1. Exactly one of these conditions fails for residue 324: (1) open to solvent by less than 20 Å² (accessible area, probe 1.4 Å); (2) in contact with a Phe, Trp or Tyr (Cβ under 8 Å, 6 or more places away or on another chain). Give me its number.
2. Could you list, in sequence order, all residues of region 363-388 that are outside any strand (DSSP E or B), open to solvent by less than 20 Å² (accessible area, probe 1.4 Å) and of a type in the set (Asp, Glu)?
3. Scan region 300-321 and give yes if some residue there is at pLDDT 95 or above, in contact with a Lys or Arg (Cβ under 9 Å, 6 or more places away or on another chain) and of a type in the set (Val, Ile, Thr), otherwise no.
4. Quick check: is even one residue across region 426-442 on the phi > 0 side of the Ramachandran plot, among the polar types (S, T, N, Q) and open to solvent by 30 Å² or more (accessible area, probe 1.4 Å)?
5. Could you tell me which numbered condition residue 503 fails, if it satisfies all but one of (1) free of Cβ contacts under 8 Å to residues at least 60 places away in the same chain; (2) touching a Lys or Arg at 6+ places or on another chain (Cβ under 7 Å)?
6. For residue 203, only one of the following conditions fails: (1) at pLDDT 95 or above; (2) assigned to a helix (DSSP H, G or I); (3) surrounded by fewer than 22 Cβ atoms within 10 Å (Cβ to Cβ). What is its number?
7. Quick check on region 288-318: of everything there that is farther than 21 Å from residue 178 by Cβ, in contact with a helix residue (DSSP H, G or I) (Cβ under 7 Å, 6 or more places away or on another chain) and of a type in the set (D, E, K, R), which residue is least open to solvent (accessible area, probe 1.4 Å)?
8. Need a quick list: helices (runs of 4 or more DSSP H) entirely within region 216-299 having at least 1 residues that are out of contact with any Ser or Thr (no Cβ under 8 Å at 6 or more places or on another chain) and within 28 Å of residue 370 (Cα to Cα).
Amino acid sequence: MRFLVTAVLVTVMFTPPASTIINHKFYRGIDGGLECATCTVLISLVDQLAEVNNQTIIEAFDSFCLMLPPKLGNPCQLFAEIFGPLIIQMVAEGANADDICRGIGLCYQQPGQKMCSLYPKTLKFDEKRISYHQYSTRKHLKSNWNVKLTNEKWSICDVPLLNLICVLYKNVFDNHVPFDDVDHDRHSPSQSLRGSSWRGKDCNDGRADIYPGRKPELLKDVKFDSNCNGIWGFDNKTGKSYEEQFCDNTGQRGVVVIGDSVGAHFHAPQEWFDPQLLTKESLKYLPFALENELDWPQLSLVTGYMDSVWDVAKGPTDSIYKRIRERNRCNHRNYQNTAVNGDSSFDAITTVEALRLNPKQDYPVLIVLELVGNDVCNGHPANETLDYMTTEQQMHDNLIKILTEVNQTAPADSKVLIVGMADGDFLYQFLGNRTHPFGRWRNDLTYADVYEWWNCMQVTPCTGWLSNDATLRSLTTQRAMNLSGVMKNLAKTHKHFWSNLEVAYIDCPINTVINRYIFEHGSQTGYQLIEPVDGFHPNQLGQALSAAEVWRQMELKMPNFLGPLNRNNEEIIKVFGDQGGH
């Protein structure tokens, strides 16, 4: 069963999750879509491993399965057992990864659509051979694995044992509240599955009235830590509780992010796609990454709280939460990251329901509302993508709905920082002609090739920006800037419109950060701030530099959003050290 985890992982890693949600619906693409992409990547990766290690493809499959963490190895072998005989025969006939995945029926050409291929077509493996292998695969699945096929096309969901992938995908990627949460206060003692990677760690999962961010109980935490900030007990010298002594009237506040994959910090390590870098050591982090939806919120620009300890996620960590905690150690653990890969302003209307805020019992929060791309990014073909972008009126209405919903639960004196949309035109310009990590071994794939493949199957994270059509890229940017104008104007006209919120706006920091980086390091260095696998998101360094830029703008334009400096910080550190960590 655990191989299903691997399959989901590869699907999301190579087919970025922003592409799976379009206009609030799961979007699978065409010509096999996500399952075709999964198959092509897996087969190609194993094929390259065979070359790197001078092995047969089945030996390479065995090697790959042995690299996986123990709970993933046996199911990986099951996949090889089911499809191995079919793959061996097709490889012997000269098939490449595209051909093999067409041969086993996970990739196909829909009527009226272009046949999507990652690699050049192989002349030896013609349509007649593909049809033969499709027939052989269906016969093999029916006879040897008891797969009940009711139509010409089949899905991984049709195969016993492997069919749990469909259920697993929904359970892992559609549930955005903590999985391990006994008291249902939406804070967890565990790190992954929307746990403390995303929200302040729960210091007592047996009581729903004990959680990060709340005001202390009546006795001011003399006997226990009611708000999980690591400060509790009684100081006999002063006759006060430490909570009262160190934290009362210090302007405490939490940090919240409502947003998309930038706020969640999507990161698919290149070590998992370059066969020369793929090792057992790098794959040991795979289950943890999957349980966090391939996001690294603990390292992100808004709620990052730790330096990376993962070899596959290198780089500095800087964040709004880290800086606000440094200003006031009483804010320890008071953070919530509800960002979701693929969320647009439409999706955020319902995502805000995942927040855990109590207007009377909790401290005020700084809410960062960042929706930097998905209102113009979708997987629809180039001739349709503009029609599926959010309009200015829709953006205005969606923001009103989001902030109205937030206002109902936000404590008084909370702040909202709306971050404008990015201009993603630079992505294709910086990366288009560069070699993608998946093509390094054979030097046969550029980012332009990968972008075109995604666009063909309509599983791209952004048709408008990841296109070789400069006019389309420009039109996408123009829509994004228009929507940013709506955000900026609404923040101005509705600054104090809601009873519990003060609203402000800043431009998206990503473009400013990249331009500054290029000025300092050279005109050809912009790609160094972009995720190497998806070629779309800011990487770890890009996240850290963006956090510094957001902070700089807040200090300049809205310093009241940051909260005062707590003069008791040194005493807190002296008495409580790291306050129980994160």
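The values are calculated or read from the model by the stated rules, or taken from the named source; none is laboratory data. As the structure is a prediction and not an experimental result, all values here were calculated from the model. Virtual Cβ from ideal backbone geometry, glycine too; neighbours counted across all protein chains shown. Quick note on the areas: whole protein, heavy atoms, side chains included, nothing else; ligands and nucleic acids left out. Shrake-Rupley method; radii C 1.70, N 1.55, O 1.52, S 1.80 Å.
1. (2)
2. 375
3. Yes, because at least one residue in region 300-321 is at pLDDT 95 or above, in contact with a Lys or Arg (Cβ under 9 Å, 6 or more places away or on another chain) and of a type in the set (Val, Ile, Thr).
4. The first filter runs over region 426-442 and keeps only residues on the phi > 0 side of the Ramachandran plot, leaving none.
No, every residue in region 426-442 fails to be on the phi > 0 side of the Ramachandran plot, among the polar types (S, T, N, Q) and open to solvent by 30 Å² or more (accessible area, probe 1.4 Å).
5. (1)
6. So residue 203 meets the others, but not (2).
7. If we take residues in region 288-318 being farther than 21 Å from residue 178 by Cβ, in contact with a helix residue (DSSP H, G or I) (Cβ under 7 Å, 6 or more places away or on another chain) and of a type in the set (D, E, K, R), then 318 is least open to solvent (accessible area, probe 1.4 Å).
8. 261-264, 286-291
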